[in-house]
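Student: Let me begin by handing over the structure; questions about it come next.
Derivation of every value follows stated rules applied to the coordinates shown; laboratory data play no part. Since we're looking at a predicted model, the values are computed, not measured. All Cβ positions, glycine included, derive from the backbone under ideal geometry; neighbour counts span all protein chains shown.
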């Protein structure tokens with residue numbers, strides 16, 4: 001069972017959906033957030049968690065100081081779990097930061113981005129491992145106008161997935177492997 005590791009909602013256990021999601025393990029999540037915090041990339045930011053699954057990455061951001069988190073998950077069962085997890089994490093966070101907010105969207109990532117108007121400081125892309133790189137590149141392209149200057153995009157993939165041909169408006173700032181998981185962080189330039 002996944003949990004919120006640190007921050008205002010630290011140690012809260014998150015509900016998960018059997019077999020319909022692939023939650024990020026605590027070791028990988030801790031490494032991601034240690035790197036983000038070391039760069040000062042979470043505090044007071046607006047976060048988009050596409051392919052949210054249980055919402056673990058977006059909700060960890062909220063717990064650690066993000067002000068607004070949007071969780072996008074197209075699977076109806078996983079979306080319901082995101083809603084449950086959001087309620088319990090937001091309740092804990094709002095005790096210390098009443099202005100914190102979470103929005104949950106039960107929609108496909110492409111459809112969400114087509115109509116989104118929000119500007120994001122931090123984006124998590126953790127699609128199913130079988131999700132094609134060509135589609136991921138389309139998502140990155142759709143995000144280009146919705147990222148703040150110097151925004152960070154965190155992409156989690158299988159280490160067996162071919163390297164992503166990323167657009168020229170972002171650069172790799174971190175590339176780490178954890179077992180069968182590869183996490184790359186990109187920054188908008």
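Student: For the Cα atoms of the chain, what angle does the longest principal axis make with the long axis of helix 26-38, in degrees from 0 to 90, nearest 10?
Tutor: Compared with the principal axis, the helix lies near 80 degrees.
Student: I've got another one for you. So what is the relative contact order for the chain, in percent, with contacts set as C-alpha pairs under 8 Å and at least six apart?
Tutor: Relative contact order here is 18 percent.
Student: What does DSSP give for the chain in terms of the percent of beta bridges that are antiparallel, rounded to the nearest 5?
Tutor: 45
Student: Using Cβ contacts closer than 10 Å as the measure, can you line up 15, 79 from fewest to most?
Tutor: 15, 79
Student: Ranked by Cβ crowding within 10 angstrom, fewest neighbours first, how are 143, 113, 50 ordered?
Tutor: 113, 143, 50
Student: Treat the count of other C-beta atoms within 10 Å as a stand-in for reagent exposure and order 32, 189 from fewest to most.
Tutor: The order, fewest Cβ neighbours first, is 189, 32.
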